[in-house]
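Working notes for the structure below.
Please treat every number below as a calculation from the coordinates, not as lab data. Note that the structure is a prediction, hence the values are computed from the model and not measured. Positions of Cβ are backbone-derived with ideal geometry, glycine not excepted, and every protein chain shown enters the neighbour counts.
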Amino acid sequence: MTAVAASRLITVEINGVTYEHEVPARRLLVHFLRDDLALTGTHIGCDTGNCGACTIHLNGEPVKSCMLLAVQVDGASITTVEGLAPDGELTPLQQAFSEAHALQCGYCTPGMLMSASALLERNPHPSEEEVRIALQGNICRCTGYWNIIEAVQRAALSGGSA
């Protein structure tokens, strides 16, 4: 029987910054982001992949960071909600969320923004149905989704991808 390494050195690019970090072999990516790197915009909601609060972009694709181990992203490129607006200015999508009142408690907002921005990158002018499909992996317990869908469509109309 071979021994399993208790930790591993990984290199990962997050929001344009390269990190080399020793991580426990069983550390979830969401905990690595929040606890080790202080990127607390990625929220922990369910730890089961159901709510979408922890959604990030992994090599350009939206994924739930509670469903991956940190060691699985070695060599990858990640964008978190903090990386959507690196200059501190709201993106058109973030502005649309504010204008359309698409957030209440705000807990789901980072995941919604990450899923919506991935959609707008792939499809700058989605239909309402395409927005609904792109957001179906994200749960909001406050807004009823109408304003979130409106915000994504508003951002699309303004030509804002992220």
Next on the checklist: Taking just the alpha carbons, could you work out the radius of gyration and Dmax for segment 7-83, both in angstroms?
Outcome noted: 11.0, 30
Item to check | Environment charge of residue 37, counting only residues whose C-beta is closer than 14 Å and scoring Lys/Arg +1, Asp/Glu -1 | outcome: -4
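Mean residue ellipticity at 222 nm from the helices of the chain, using -39,500 (n - 2.57) per DSSP H segment of n ≥ 4 over the full residue count, to the nearest 500 deg cm²/dmol? Can you show the working numbers first?
Working: 4 runs with 42 residues, N = 162.
For the chain, the value works out to -7500 deg cm²/dmol.
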Item to check | Sequence-separation-based contact order of segment 7-83, relative, with Cα cut under 8 Å and 6+ spacing, percent | outcome: 39
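When a footprinting reagent is the concern and you count Cβ atoms within 10 Å, what order do 114, 67 take, fewest first?
Neighbour counts put them in this order, fewest first: 67, 114.
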Checklist entry - By the scheme Lys and Arg +1, Asp and Glu -1, what is the net charge of all other residues having a beta-carbon under 13 Å from that of residue 5? => result +1
Item to check | Among 75, 41, 83, residue whose mean-square fluctuation peaks in a GNM of the chain (springs only between Cα atoms under 10 Å) | outcome: 75
Checklist entry - Separation of segment 5-37 and segment 106-162 by C-alpha centroid, Å? => result 28
Checklist entry - When only Cα pairs under 8 Å and 6 or more residues apart are kept, what is the percent relative contact order across the chain? => result 24
Checklist entry - Using the Cβ atoms and a cut-off under 12 Å, what net charge is assigned to the surroundings of residue 145, where Lys and Arg are +1 and Asp and Glu are -1? => result 0
Checklist outcome for this item: On each of the three principal axes the extent of the alpha-carbon atoms of the chain, given in whole Å and largest first, is 56, 30, 24
Checklist outcome for this item: Spelling it out for residue 8: with amide H atoms placed in the peptide plane at 1.01 Å from N, the residues 5 or more places away or on another chain with amide H under 5 Å from its amide H are 23, 25
